[in-house]
Amino acid sequence: MKLCVLVPGLVPGLVLVLALVLTVCVARSPYQAVLQHSRIRGRQQGPNVCAMQQIKGTDKKYFTNCKQWYHRKVCGKPTVITYECCPGYEKIPGEKGCPAALPLVNIYNTLGVVGASTTQMYSERAKLREEVEGPGSFTFFAPSNEAWAALPMEILDALVSNVNIELLNALHYHMVNRRLTSEELRHGSSFASMYQDLHVHIHHYSNGVVTVNCARLIKPDQHATNGIVHVVDRVITAISNDVNTLIDVDDDLETLRTAIAAAGLTPMLESEGQYTIFAPTNEAFEKIPQETLNRILGDPVALRDLLNYHILKQMQCAESVVSGTPMETLQGSVLEVGCDGDQMTLNGKAIITKKDQLGTNGVIHYINELLIPDSAKTLLELAEGSPVTTATKLFVEAGLSPHLMGSEALTMLAPQNDAFKGSLTMSPDMRRLMTNHMLKETLSSKSLYHGQELETLGGLKLRVFVYRNNLCIENACIAAHDKTGRYAAMFTVDKVLTPPMGTIMDVLKADDRFSVLVGAIQTAGMTELLNQQRALTFFAPTNDAFNTLPRAELNKLLRNQQELSVMLRLHLGEGMLVSGGVGSHTRVKPLQGEKLELGVRNYTVYVNKVPVADADLMATNGVVHAVGSIIRPLPLKVDREQADGPAAPLRSDSSSRVLESRSFRNDDLFQKVVRSRSSRTMSQ
């Protein structure tokens, strides 16, 4: 147990905060932490009052944790705060709160005062009263009145008709022949019941919920002279089979049973453990296209991944779930296990048809949809589940389906839908472009490094650029987490790839917008520089940019080799910086001058306050960004916060193989930063 000391003389307003801190320090279990939180929240109502969250329109109540207190929701449904006596206390007429400890009486009489009067009645009918009134020390997991009322009538009739032995056996299964407080009901423990020593199984959860055989303890720790009563929210039944046996005997799980045997998982499901199995029914398997199902069933690796994706590493009863929580599967991925009212959900979908089928080594929840993890999918299946439908259609039209559905080691660069502009028709050039969006090996973005070259199916070499705010392959930057399939991987990128097609000089000569610039470069004697194999970023003035100059000034400039060289070198930055690598205060060192300062405003890149008209014209020795005005040096001023810059020029040595941790831009926050920076710049 942790201990905390409160220092006297502190500000009175901090009392509640310190009390909550103390709660965390001294709590011995998640349940105790939640209980103490409820006591603190109920303190203003008087001593020993607990704040409870009650789901509107139901009788379901929960001791309140911090998240529930502020969100006022359980399983997505609104709650109201109610106040009642904490366990072990009662009200006294005319006094505030619950100042009196409940008088200790035997278990039989305790049942009558804690909301388990139906259990008390059945105890008498089953001739159990004498036992729970007499000597001994027992723990009684007593079903609430509502729990008995929720039993199907045929089951209840079978239990209570003619006061038969079944009712006594059922009640004895709810009892343990020793006193066990909630603290002693440790997570994962089991205790021999008083019915043929069959065990009851206990689980504690981080949100404070405690279950016995998946029934939630709704009023724990009700002490009696001869034991203790824990009121539970359902009638529990004896279990003697492991989860594999439960699957074996259910005809609705016949396909699952066959798949488990084929994957060699039977020994695991027969062993000791605490598993949660989301068991796909025969109907769930039938919903999958036969071709896909046959492929997975015939592939031992994919089949094992598929089945392990339906199994959690820990036992998760339905009553323990009060909000969505990611939980790791045996396959290694996570499932979002949540709830919507009374329905348990997976990844936000209410596909669970039967809950809490308990075995000795786990629990089974039936689902009517098959969950296919990425690791069992082809490239085409990965793409179909992502926002890249336009790219997927073009890959298929380009005749790349055999690669998308095959077993090659590939990585697909899939542009987001909004990366495509205008009408799209399949042509030889488009087919070649889509082929160059397929890389010849299975990659992880975490293993990419600056300067790395990647070969495409079309035979081109693409370069990797690592920036502080982005990771890019040529002009296309990674916009989402990787998806790794059975054989291949998919990177979602923000732009359609523009592979390099010649040197910077070749790019300029091939574009009529730069005819004046090409002549200026030749006059300045810089043609060789722009054909060299190096890494440059050229903010290239268009013809319109030159034409904004007064005619006399332009003519003078174009005839002066030295002035042209100085001006053009200010437009040339060291290193390669694509538009996706520009942050809010990016600096580039030009070949002439102190610096170029870049930023982004309204999705447009600016360099020294000049907007880039057309970005990311990729060359083998750099990148060209077209600008519509001649760039001037910025006036001298105090340097602001050091900003992102382009990575150093490409190197082939191993020291360049360092991948900085990257983060993807939060556009809303990013735009706020950009607007803030812009307003500061304009005011200076």
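The values are calculated or read from the model by the stated rules, or taken from the named source; none is laboratory data. Source: prediction; values computed, not measured. A quick note on method: Cβ atoms are made from the backbone with ideal geometry, for glycine too, and the neighbour counts reach across all protein chains shown. To get the accessible areas, we keep the full protein, side chains included, count just its heavy atoms, and leave off ligands, DNA and RNA. Shrake-Rupley method; radii C 1.70, N 1.55, O 1.52, S 1.80 Å.
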query = Taking R0 as 41 Å, what's the FRET efficiency between S323 and T225 from their Cβ-Cβ distance, rounded to 0.05?
reply = 0.55
request  = Under a cut-off of 20 Å between alpha-carbon atoms, report the lysines in cross-link reach of K461, not counting same-chain residues fewer than 8 places apart.
outcome  = K440, K446, K495
note = Taking a ≥ b ≥ c as the square roots of the Cα gyration tensor eigenvalues, with a/c under 1.5 meaning rounded and otherwise prolate when a/b beats b/c or oblate if not, region 377-493 comes out rounded
remark   = Expressed per residue, the solvent accessible area of the chain in Å² (1.4 Å probe) is about 46 Å²
request  = Distance between Cα centroids, region 226-247 to region 46-77: provide it in whole Å.
outcome  = 26 Å
remark   = Of the accessible area of the chain, computed with a 1.4 Å probe and all protein chains kept, carbon and sulfur make up a percent value of 52 percent
key: Exposure ranking of M426, M412 by accessible area [1.4 Å probe, largest first]   = M426, M412
request  = Only loop residues by DSSP count here, and only those with at most 13 other Cβ atoms within 10 Å; note down the GluC sites (Glu not before Pro) in region 140-190 that meet that.
outcome  = E183, E184
ask   = List the trypsin sites (Lys or Arg not before Pro) in region 404-458 that DSSP assigns to loop (not H, G, I, E or B) and whose Cβ has at most 15 other Cβ atoms within 10 Å. Which are they?
value = K421, K440
ask   = Which helices pass in the chain if a helix is a full DSSP H run, must span at least 15 angstrom along its long axis by Cα, and must have mean Kyte-Doolittle hydropathy not below 0.5?
value = 15-26
key: Dipole moment magnitude, nearest 20 debye, the chain about Cα centre, only Lys, Arg, Asp, Glu C-beta charged   = 3120 debye
task = Using 0.36 nm per residue of separation minus the Cα-Cα distance, give me the extension gain between K67 and L636 in nm, one decimal.
result = 199.7 nm
remark   = Burial-style ranking of 124-130, 105-111, average other-beta-carbon count within 10 Å with highest first, yields 105-111, 124-130
key: Under 5 Å, built H, 5+ apart or other chain: amide partners of E84   = C50, M52
inquiry  = If you restrict to DSSP beta bridges whose two residues both lie in region 243-370, what percentage is antiparallel, to the nearest 5?
reply    = 75 percent
request  = Estimate the FRET efficiency between I165 and H481 by the formula 1/(1 + (r/R0)^6), using the beta-carbon distance for r and 60 Å for R0, to the nearest 0.05.
outcome  = 0.55
key: K313 - accessible surface, heavy atoms, 1.4 Å probe, Å² rounded to 10   = 110 Å²
Estimated inter-spin distance, Q45 and E95, nm [label 7 Å along Cα→Cβ] = 1.8 nm
request  = Using a 10 Å cut-off on Cβ atoms, rank the peptides 46-52, 323-329 from the highest mean neighbour count down.
outcome  = 46-52, 323-329
message = Tell me the mean residue ellipticity at 222 nm calculated for the chain from its helices only (DSSP H runs of n ≥ 4, each -39500 (n - 2.57), averaged over every residue, nearest 500).
response = -8000 deg cm²/dmol
key: Which of H403, H71 is most accessible, then next, and so on - probe 1.4 Å   = H71, H403
task = Using 0.36 nm per residue of separation minus the Cα-Cα distance, give me the extension gain between D340 and R431 in nm, one decimal.
result = 28.1 nm
request  = Determine the percent antiparallel among the DSSP beta bridges restricted to the chain, to the nearest 5.
outcome  = 75 percent
Separation in nanometres of the label points that stand 7 Å from Cα toward Cβ, at E594 and L549 = 2.3 nm
